[in-house]
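Nothing in this text is a laboratory measurement; each read-out follows from the coordinates by a stated rule. Keep in mind the model is a prediction, meaning the values are calculated, not measured. As a convention, Cβ positions derive from the backbone with ideal geometry for all residues, glycine included, and neighbour counts pool all protein chains shown.
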Amino acid sequence: MGSYATTTSLSELIPNFLRQNTTTSDTAGTSMFSRHIDRAESVINSAVCRLYPLPFVNIPPILRTYAEDIACYYALRSAYTQDGASKNPYMDAYKIAVDSLADIADGKIKLADTSGSLVAVRTSRYLSDKEGYTPVFGLDDQDEWKRDPNEVSDQEAARG
């Protein structure tokens, strides 16, 4: 079972997909749902991790929706063959979810928690400790490469 969606939520969204329409009687179908939930959540996490620290303490509801829509799409895609006449009913929801995740990753859409408050974005990122100094490589011929004199003196001062 995933963090954003559950096998039960998928069985409710795709009624009669499982044998006897229950996760308790169709262990193979439930395992398949679980696998697709994991896949959906990995897509979501890879999209949002640049701006938001993971794991979420409170899962933003829209991410639950996207996880369910993507997992349902995966389940139906794996269960049915394309015959040209049938359309996966979750194709549109899948496209909306993927497009929205791209917008979240770009910072165009903000995430809100269950209270409606914006989820805090990641405050720290890896920063270069060489920012503000002339790069050593790539500017001159190799035999001309030298460390920035300011960087050298700053390093010496930092070491004591």
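For the range 7-105, the relative contact order is 29 percent, taking Cα pairs closer than 8 Å that sit 6 or more residues apart in sequence and dividing their mean separation by the residue count. Each Lys or Arg adds one and each Asp or Glu takes one away; over the other residues whose Cβ falls under 10 Å from the Cβ of residue 97, this sums to -3. Annotation: peptides 115-122, 59-66, 25-32, ranked by per-residue average of other Cβ atoms within 10 Å with the highest first, follow the order 59-66, 25-32, 115-122.
Rounded to the nearest Hz, the phi-derived 3J(HN,Hα) couplings of the range 47-60 under the Karplus curve 6.51 cos²θ - 1.76 cosθ + 1.60 (θ = phi - 60°) are 7, 9, 5, 5, 9, 10, x, 10, x, 6, 6, 10, 5, x, where x marks glycine and proline. When each of 33, 17 is scored by the number of other beta-carbon atoms lying within 10 Å, the sequence from fewest to most is 17, 33.
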